[in-house]
Amino acid sequence: MATQETFSRLELDERGVAWLTLERPEVHNAFDDHLIAELNAHLERLHAAAASGEVRVVVLGSEGKSFSAGADLNWMKRMVEYDLDGNLADSRKLSALMHGLDTLPCPTLCRVQGAAFGGAVGLAACCDIVVASEKARFCLSEVKIGLSPAVISPYVQRAIGSRQMRRYALSAEVMDAPTALALGLAHQVVAPEALDDAVSAMLETLLAGSPQAQRATKALLAEVARAPDSDATREHTCTVISELRVSDEGQEGLASFFEKRRPAWTQPSAPHDRPSDAEPRS
């Protein structure tokens, strides 16, 4: 029986860093229903692994010169033949992908080396931190072909604000890397040859934090965004910090600070290279 072709890979290194990589460079990592299904399956595994502490950080990236061109042309041709119900089912799978990435319990880091168009802008916006090459380009291109950045709009608008979203969603202008940085879509822009070092440096920064505190903080920030000044939210913030203070990691973090030593969850610096193809993958 022939092995089914895959378009992405998921690798876990010894530090608890999961590398989720798009592998369709021949079509600029455009996504179709097959890739979306793969990524949803990966994210289901990552949710469980991050909640248990097995995965500490997820890095989303891709092979080739482009991050992702958005929707695959052949997939779009097939969608033309779908009725309304078929299009709804298809859109819900993409929505599940964005929601799954956005709600991962652990920190997420997006590596953008080139063009990120259409739905790929949503992938970046769903990640906590975006490190981009100076060659990166972002574009909400949907209106140029009679569509809308509908499914990704909650995440992109949250990243760049409603005023800027109106401009770029309606104009379909290409944002260069400095513009993406100024708008808040990217957090750091570096020379192409410095991209992997910048990703590695950010990983080291994230791995220095308490895994439990990072999970709690990410969940807390989502709650605060929903109701920033409600009585329930204020009480929730008090509960979170109180529970962390009396937890094992909270006690260890405070003790290590006062004793001027590394906390137990940190490890000596490991090689910054991404896992090799010889390592287990799924």
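Computed from the coordinates by the stated procedures, all read-outs in this text should not be read as laboratory data. Since this is a predicted model, take the numbers as computed values, not measurements. Here the Cβ is made from the backbone with ideal geometry for all residues, glycine too, and neighbour counts use every protein chain on show.
Listed values for segment 132-146 are Karplus-derived 3J(HN,Hα) couplings in whole Hz (6.51 cos²θ - 1.76 cosθ + 1.60, θ = phi - 60°), namely 10, 6, 4, 7, 5, 9, 10, 7, 8, 8, 4, 5, 5, 10, x, and x replaces Gly and Pro.
Rounded to the nearest 10 degrees, the angle from helix 231-246 to the longest Cα principal axis of the chain is 50 degrees.
Rounded to the nearest 10 degrees, the angle from helix 33-52 to the longest Cα principal axis of the chain is 10 degrees. Protection proxy ranking of 85-94, 202-211, 101-110, 114-123, by the mean of other Cβ atoms within 10 Å over each peptide's residues and highest first, is 114-123, 101-110, 202-211, 85-94. In this calculation the C-beta distance from A227 to E204 is compared with R0 = 30 Å, giving a FRET efficiency of 0.30.
Across segment 54-94, the convex hull enclosing all Cα atoms gives 106 Å³ per residue. Normalised by 2.2 N^0.38 Å, where N is the number of residues, the alpha-carbon radius of gyration of segment 39-122 equals 1.24. Taking Cα atoms only, the orientation of helix 195-207 departs from the longest principal axis of the chain by about 40 degrees. Derived scalar couplings between HN and Hα for segment 247-263 equal 6, 4, 5, x, 5, 5, x, 5, 4, 5, 5, 6, 8, 6, 9, 6, x Hz in order, rounded to whole Hz, by the Karplus curve 6.51 cos²θ - 1.76 cosθ + 1.60 (θ = phi - 60°), x for Gly and Pro. Using 0.36 nm per residue of separation minus the Cα-Cα distance, give me the extension gain between A37 and S242 in nm, one decimal. Difference between extended and current length: 69.8 nm. Answer with a single label: of [x] 1.01; [y] 0.98; [z] 0.96, which was calculated as Rg/Rh (Cα atoms, Kirkwood Rh) from the structure in view? Read-out taken from this structure: [y]. Taking the chain, the Cys residues with no second Cys beta-carbon under 4.7 angstrom are C106, C126, C139, C238.
May I ask for the net charge around A227, where only other residues with Cβ less than 12 Å from the Cβ of A227 are counted and Lys, Arg are +1 while Asp, Glu are -1?
-2
Once the C-beta distance of Q188 and E5 is scaled by a Förster radius of 35 Å, the resulting FRET efficiency is 0.55 to the nearest 0.05.
Modelled this way, with points 7 Å down the Cα-to-C-beta line, the labels at Q251 and V174 are 5.7 nm from one another.
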